[in-house]
Every structure is written in C-alpha cells, then in structure tokens.
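Here is the structure we will look at.
The values are calculated or read from the model by the stated rules, or taken from the named source; none is laboratory data. Every value quoted in this text rests on a predicted model; they were computed, and no experiment measured them. Every residue, glycine among them, receives a Cβ derived from its backbone with ideal geometry; neighbour counts consider all protein chains shown. Areas reflect the complete protein model, heavy atoms only, side chains present, ligands, DNA and RNA absent. Shrake-Rupley method; radii C 1.70, N 1.55, O 1.52, S 1.80 Å.
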Amino acid sequence: MPTEPIPATTLTLLESISIVLGENVADHTGIFTWMGYVGMVLIRASVSSLEMLAVGKDFLQSVLNLAGSRDNPKSKFPHQPLLLLLALGRAINGHGRLETFNTLCKPLETLLREFSHPVKVLHPEQPFTFLRKPYLWEIPAWNELKRDDKGTLRKSSLIKQGARAGIPDPVHRLLVREPRLVRLAAQILLDARFPVTIHEDILREVGIPVEPLSVQEMLMLGQGLNFDLPSTSPPRDPAFRGKVLHVYENLCAVCEQDIRLKDHTLGLEAAHIRWHCAEGPDIVQNGLGLCKLHHEALDRGAIGLIETRQGLNINVSNHLAGRGSAFEEMQRLKDQPLFLPRDPDHRPKDSFIKWHSTHVFKP
C-alpha cells in the first residue's frame with residue numbers, strides 16, 4: 001500500500017464517495033486508506049497531471065457556456081452543440097483529431113437536417129467556423145484561410161482550401177484517455193438543448209454510448225476535477241404530467257389511445273409543445289397528452305399543430321416516409337382534429353404552437 005500523501009483532489013473525491021456509501025470515511029481509517037489508494041489510481045490512470053485536471057475543468061466550463069446556463073442566454077440554433085457532439089463521438093471512435101471540413105460536412109449536414117430547426121438551405125460552414133472557442137474547437141490555419149469580399153468563409157471555399165479543424169490537442173488527449181468525460185459533456189449539451197425523447201437518436205448518430213452516466217459517475221468526475229456541475233435546464237414541475245393527463249382525460253390527443261392495466265395508464269406521456277429545455281413552461285397550455293409514438297413524432301417535427309376555422313388540427317410532415325399500417329395511419333392524421341381539453345382555458349396557447357411550427361415542425 002502506498003504511503004505518500006493523498007492529493008487534495010482525491011480527498012474531495014473520497015468525501016463525495018463517502019456520502020454515496022453512507023459512511024464517514026474519517027471514522028474508518030482502513031476504508032479511508034483503501035479508498036485513497038483506489039482514488040489515486042483512478043485519477044492518475046485517467047488524468048495524469050495537475051495540468052490535465054485544469055484542462056478537464058476548463059473543458060467542462062466551456063461546454064457549460066456553450067450549452068447555455070440560466071445566467072447565459074441560449075443561442076437561437078443548436079448548430080454548434082451538434083458539431084461538438086459529432087466531434088466528441090469521433091474522438092472516442094478513433095478518428096483523427098483534425099479533420100477537413102469536407103470530411104465533416106456530410107455527417108454534420110445530417111445532424112442539422114434531423115435535429116436542428118427546419119431551414120430551406122443547410123449551412124454547415126457556420127458551426128464549423130463559429131464554434132472556434134478555447135478548449136472546444138480550433139482551426140489551425142484560421143488566419144491563412146481566404147475569405148470573400150465580405151470576409152465570409154463560404155462552404156465551397158472551405159472545401160477548396162482543405163480547411164481542417166478539431167478539438168484542441170490537450171483536450172482531445174484527455175477525452176481519449178477518459179471517455180466518461182465525453183459522455184458527461186454530451187449529457188450536459190443534450191439536457192440543455194434537446195428534449196429527452198431524442199437524446200438517444202442524437203447519441204447513436206454521433207457514435208457516443210447511449211447509456212447515461214450514473215449519479216455516482218457524474219459525482220466522481222466532477223469532484224475528481226474539483227468542478228461543480230450546475231443544472232443546465234430549469235427545474236421541472238413534478239405535477240406537470242398529472243395535470244396534463246387529467247385535462248386530456250388520460251387520452252392521446254392525436255390517436256386517443258387509452259390503454260390501462262387496472263388503474264395504471266400505459267404508454268401515455270405529457271409532452272411539451274415548446275420544449276422545456278427551450279424555456280417552455282410546465283403549464284397545461286404548453287402540454288399535450290400523447291402516446292410515446294406521437295410524443296417523439298411531435299419532438300422530431302414529424303407532426304405539428306395548425307390552427308383552422310374549425311379548431312386545432314394535426315399537421316403531418318411531407319418528409320415522413322415508411323410503410324405498413326402504422327405509417328399509413330400516421331399519414332391519415334393530416335388535417336384531423338386534435339382531441340382537446342373541455343375547458344378552453346386549458347387548450348394550447350397560440351404562442352407555443354407558433355414556436356413549435358417555427359423551430360421544430362418539418363413541413
């Protein structure tokens with residue numbers, strides 16, 4: 001057993017572990033010594049120096065800044081978070097640290113098309129150049145890249161010049177050595193910018209493991225780097241689901257699904273029209289009772305809401321494709337009336353419907 005003093009970072013980590021274990025390590029010398037040894041091994045195996053500890057801390061702070069904490073206004077589009085998620089996935093899957101814009105362009109366009117706001121023309125060159133921030137993204141030949149008369153770096157120009165970019169070297173080495181940091185960074189970005197229903201789809205697309213970090217793993221990583229992890233999304237109202245399902249009479253507002261096991265409703269959820277992570281409030285006027293399928297369809301923009309003279313109807317994306325009875329049933333939903341609460345005061349607000357139509361629904 002080693003006899004050298006235990007570093008302060010390890011002591012902090014052990015205090016957190018003692019909380020999880022429900023044991024006061026200060027009262028158990030044997031446990032303290034054993035855990036101190038294991039803690040040092042873990043930290044030294046993943047973060048070999050104080051310099052790497054500092055890099056990890058600065059990296060997480062930069063991720064939080066990008067995600068948009070409560071003190072920082074969120075940027076309008078999630079283009080930069082999507083590019084960083086792509087880069088994080090490529091870092092732990094053996095790709096080179098610096099890659100050309102031409103290499104990243106196609107997978108980035110897929111992410112923008114599937115998970116960002118609907119637009120007529122994709123501009124992957126914007127996140128490629130705008131993400132340039134310390135500890136997140138560097139473009140080594142930034143000053144040498146030729147721009148147009150307006151000083152803009154266009155897509156065709158980036159391809160022609162073979163522009164390369166990537167995660168800065170110290171951060172990249174740390175992430176390769178400690179892939180749990182990739183999962184933690186991804187979790188921060190996803191929680192702040194996307195609804196839970198599409199987290200796994202994004203992670204699979206970028207090649208990051210879909211299993212979320214446990215509370216203990218997050219605690220160990222944060223404390224190991226001497227870093228406090230604030231929440232990146234506003235608190236949720238635990239009564240939101242019950243209130244929404246009550247006013248929708250425990251039915252899916254789209255298909256009127258009503259399946260119960262005794263008194264327990266199966267497969268029914270309370271969906272936000274304006275995403276909770278996009279400052280959508282936990283009120284019934286921003287909620288819909290939906291089955292799991294139509295909840296994900298709403299969050300992915302496969303279905304939307306449209307006001308008509310007769311009331312609120314269902315809109316279906318022209319990009320929807322598939323086969324079989326479920327797909328045909330989804331197609332038949334177009335222009336069908338939405339099941340609404342009896343009390344008009346509980347029905348969806350126009351402002352939330354407009355937000356979804358502008359930012360999520362794919363026409």
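Tabulated results
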read-out: Extension gain, N93 back to A141 (0.36 nm per residue minus Cα-Cα distance, nm); value: 14.8 nm
read-out: Inter-label distance for R332 and N313, nm, one decimal - labels placed 7 Å from Cα along Cα-to-Cβ; value: 1.7
read-out: Net charge contributed by nearby residues that have their C-beta within less than 12 Å of R164 (K/R +1, D/E -1); value: -2
read-out: Cα-based shape type of region 271-319, given that a ≥ b ≥ c are square roots of the gyration tensor eigenvalues and the cut on a/c is 1.5; value: oblate
read-out: Amide H contacts of L312 (H built 1.01 Å from N, under 5 Å, at least 5 apart or other chain); value: L338
read-out: Solvent exposure of region 247-320 as accessible area per residue, Å², 1.4 Å probe; value: 46
read-out: With every protein chain in place, region 138-214: carbon and sulfur % of accessible area (1.4 Å); value: 49
read-out: Calculated from backbone phi, Karplus (6.51, -1.76, 1.60) coupling profile of region 275-292 in Hz, x at Gly/Pro; value: 3, 4, 6, 10, 6, x, x, 8, 10, 5, 5, 10, x, 9, x, 9, 5, 4
read-out: Residue order for R147, R323, R236, R241 - accessible surface, 1.4 angstrom probe, largest first; value: R323, R236, R241, R147
read-out: Placed amide H near T265: partners under 5 Å, 5+ positions off or other chain; value: none
